[in-house]
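Asker: Input: one structure, supplied below.
Any read-out appearing in this document is the output of simple, stated calculations on the displayed coordinates, not a laboratory observation. Everything quoted here is computed from the prediction, not taken from an experiment. Backbone-built Cβ (ideal geometry, glycine too); neighbour counts: all protein chains shown.
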Amino acid sequence: MTVVRRPLTARGVIASTLIGTNPPLLSARRLVRIGELFGINAGTIRVALSRMVVAGEVEKRERGYELVGNLLTRRDAQSEGRAAPVGRWNRSWEMVAVTGTAGSSSARSNLRSSLTRFRLGELREGLWVRPANLDPDRNPTLRSQLTPMTTSFSGHPDDDPRALAARLWDLDEWSRDARELIASIEALTQTLGSGAGNDPHLLGPGFVESAAVLRLFSADPLLPGELEPTCWPAAALRSVYDDFDVAYRGLLLRWLDAA
């Protein structure tokens, strides 16, 4: 077992729920209801919502709370990973050099997270690269955050591209995690499609597995086919997750509407 199933805090439940919702906006009542799946009481959820508003992670709207800020860029990264919008590759590489001063340790950490979320791998300190097979104008919000701190250019490394990709990302670990999640998601989907498909006790485990899959999608380097390892399981994971997501959302909505 290698997949990390993170303990769910009130903030984590809210963030994961909104990240997985389209559009990313829900009423406090529904967020409180989802918190009940994990034994989190209404007061704790409401306090977490207030703190997330102050932190600039959600904003209060007329119809509820909407995801904003860094959590919204995280959602964009997960959506990109799920859709896998890879294009043709002309063998060039994106190269991004950190040219600004990040300042505090938290600012430096945020910069690293943003570069990773932009699907770049760190070749050496201050220099991040990836195959240029993704839309250069992707994720404009995240790019606008990176622009003041970085300089971008393209190039053709002398190293073997497959070896370079394996150096930048732990492809073996990603593959192991994907195969583990394929097995667990397939089992949950079969249960949801059986006579137990209306059992609300499936919602908690399904929520945890869904969050794990979406985190893995955000970590997919989205390599061109030429650089993918043999039997790369990304497409299989997306297909299995699509089937699960339809069944899971149906059960979740029935449970929420019954409240």
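Asker: What is the extension gain from R108 to R61, computed as 0.36 nm multiplied by their sequence separation minus the C-alpha to C-alpha distance, in nm to one decimal?
Answerer: Values: separation 47, 0.36 × 47 = 16.92 nm, distance 3.15 nm.
Gain on extension, R108 to R61, equals 13.8 nm.
Asker: Measure nothing but the geometry: give the 0 to 90° angle between the long axis through the Cα atoms of 10-19 and the longest principal axis through the Cα atoms of the chain, rounded to 10°.
Answerer: 70 degrees
Asker: Continuing with the same structure: With the crude spin-label approximation of a point 7 Å out along Cα→Cβ, what separation in nm comes out for S194 versus R51?
Answerer: 3.9 nm
Asker: Once you order the gyration tensor axes a ≥ b ≥ c over the Cα atoms, which shape class does the chain get: rounded for a/c under 1.5, otherwise prolate or oblate by comparing a/b with b/c? Before the final figure, lay out each step's value.
Answerer: Values: a/c = 2.43, a/b = 1.40, b/c = 1.73.
Because a/c hits 1.5 or more and a/b fails to exceed b/c, the chain counts as oblate.
Asker: Using Cα atoms only, what is the angle between the long axis of helix 234-257 and the major principal axis of the chain, expressed in degrees (0 to 90) to the nearest 10?
Answerer: Result, in degrees: 30.
Asker: Multiply the residue separation of A187 and H156 by 0.36 nm, subtract the distance between their alpha-carbon atoms, and state the gained length in nm to one decimal.
Answerer: 6.8 nm
Asker: Give me the angle, in degrees from 0 to 90, between the Cα long axis of helix 105-117 and the longest principal axis of the Cα atoms of the chain, rounded to the nearest 10.
Answerer: The angle comes out at about 90 degrees.
Asker: How high is the relative contact order of region 170-257, given as a whole-number percent (alpha carbon pairs under 8 Å, six or more residues apart)? Display every interim value, and only then the final one.
Answerer: On the way: 54 pairs, mean separation 45.3, N = 88.
Averaging sequence separation for qualifying contacts and normalising by length gives 51 percent for region 170-257.
Asker: Find out how many positive minus negative residues lie around A132, taking Lys and Arg as positive, Asp and Glu as negative, among other residues whose Cβ is under 12 Å from that of A132.
Answerer: With Lys, Arg at +1 and Asp, Glu at -1, the neighbours total +3.
Asker: Mean separation of Cα pairs under 8 Å and 6+ residues apart, divided by the residue count of region 92-155: what relative contact order is that in percent?
Answerer: For region 92-155, the relative contact order is 57 percent.
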